[in-house]
Amino acid sequence: MATLGVNIDHIANVRQARKTVEPDPVQFAFLAELGGADSITVHLREDRRHIQDRDVFLLKETIKTKLNLEMAATEEMLEIAKKILPDYVTLVPEKRKEVTTEGGLDLKSNVQYLKKAVGNLKDSNIEVSAFIDPLGEQINYSKEIGFDFIELHTGKYAELSGSEQHKELQRIIESTHLANDLGLVVNAGHGLNYNNVKKIASINNMNELNIGHSIVARALAIGLEKSVREMKSLITSN
Ligand code: PXP
């Protein structure tokens, strides 16, 4: 049975829209854990557009589950990871202008650099995952570079429908089997929601699904009416 990693970047997006202190992703991590999250994921971006350094340091101290730090494999981020010591790091590609992570890592062009970066993190007892597209070549390079985990990019699966989505699902299933045969633990994520998650969750040996946007969107849908009611009551009661 796959476990659930909850990505709380969007909580920080709302806070950063006002550059204030609420909502605090650290408090929401606590609520996500109450709801059954098996791990908490945050992406510390070079431009600090949502999650801030302070969030990651506090999460490391306060969460009861596991901390998955998503980051680019830059020297700056490697130094931060070695200070924070998250349970694991997921290396992702990062472009300044993208709205969200657009594709998987290009492992082939960066084998030597990534070998060093992964070795560096493992020396600090941090397990390391590679966010990759579901392609045999990327999986083979993940093994060669020394990753412990891979996270298969489900963004394409989420965008497609009908027979095209079915083909992409097959690619994800085959990739999971290939990775397992090589001894890699397989996670998946991106674009997963309440409609499309089941088929990914039921893949044999799927370890963990990392989900953010749809969970935060659902939280707003479930919670907004109550929060308006509370404000209305404050305004109208003596
Ligand atoms: N996995 C990775 C590597 C990501 O970059 C993201 C988005 O930050 C997710 C999973 C979660 O994607 P979503 O917010 O679409 O659920």
Review point. What are the residues whose amide H is under 5 Å from the amide H of ASN7, where those residues sit 5 or more places off or on another chain and H is modelled from the backbone?
Key: THR41, ILE211, GLY212
Review point. How much length, in nm to one decimal, is gained on full extension between LYS97 and PHE57, taken as 0.36 nm per residue of separation minus their Cα-Cα distance?
Key: 11.8 nm
Practice item. Starting from the Cα-Cα distance between GLU164 and GLU230, subtract it from 0.36 nm times their residue separation and give me the gain in nm to one decimal. Key: 19.2 nm
Review point. Kyte-Doolittle mean at least -1.0 and Cα extent at least 24 Å along the axis: which DSSP H helices of the chain qualify?
Key: 213-236
Exercise for review: Can you sort ASP9, ASP133 by 1.4 Å-probe accessible area, starting with the largest?
Suggested key: ASP133, ASP9
Check your understanding: For VAL14, what accessible area in Å² do you get when you roll a 1.4 Å probe over the heavy atoms of the protein chains, rounding to the nearest 10?
Key -> 90
Exercise for review: Could I have the simple spin-label model distance between SER202 and GLU79, label points 7 Å from Cα toward Cβ, reported in nm to one decimal?
Suggested key: 4.9
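DSSP loop (so not H, G, I, E, B), at most 15 other Cβ within 10 Å: list which trypsin sites (Lys or Arg not before Pro) in segment 46-114 pass both filters.
Listed in order of number, the matching sites are ARG48, ARG49, LYS64, LYS95, ARG96, LYS97.
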Practice item. In a Gaussian network model over the chain where Cα atoms closer than 10 Å are linked, find which of VAL118, VAL92, VAL228 has the largest mean-square fluctuation. Key: VAL228
Review point. Quick one: Karplus J couplings for segment 194-208, per residue in order, coefficients 6.51, -1.76, 1.60, θ = phi - 60°, nearest Hz, x for Gly and Pro?
Key: 5, 8, 10, 6, 4, 5, 6, 5, 8, 5, 4, 6, 6, 7, 8
Study note, to complete from the structure: Dipole check, the chain, charges on Cβ (K,R +1; D,E -1), about Cα centroid: among GLY146, ALA72, HIS177 the Cα furthest to the positive pole belongs to ALA72
Point to revise | FRET efficiency estimate (nearest 0.05) - Cβ-Cβ, HIS213 to GLN16, R0 22 angstrom | key: 0.85
Revision key, fill the gap. With only helices counted (DSSP H, runs n ≥ 4, each -39500 (n - 2.57)), the per-residue ellipticity at 222 nm for the chain, to the nearest 500, works out to -15000 deg cm²/dmol
Revision key, fill the gap. Result for segment 32-185: accessible area per residue, probe 1.4 angstrom, in square angstrom, of 47
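The values are calculated or read from the model by the stated rules, or taken from the named source; none is laboratory data. In this text, all values refer to a predicted model and were calculated from it rather than measured experimentally. Positions of Cβ are generated from backbone atoms using ideal geometry, with glycine treated the same way; all protein chains shown enter the neighbour counts. The accessibility values were calculated without ligands, DNA or RNA, using every heavy atom of the protein model including side chains. Shrake-Rupley method; radii C 1.70, N 1.55, O 1.52, S 1.80 Å.
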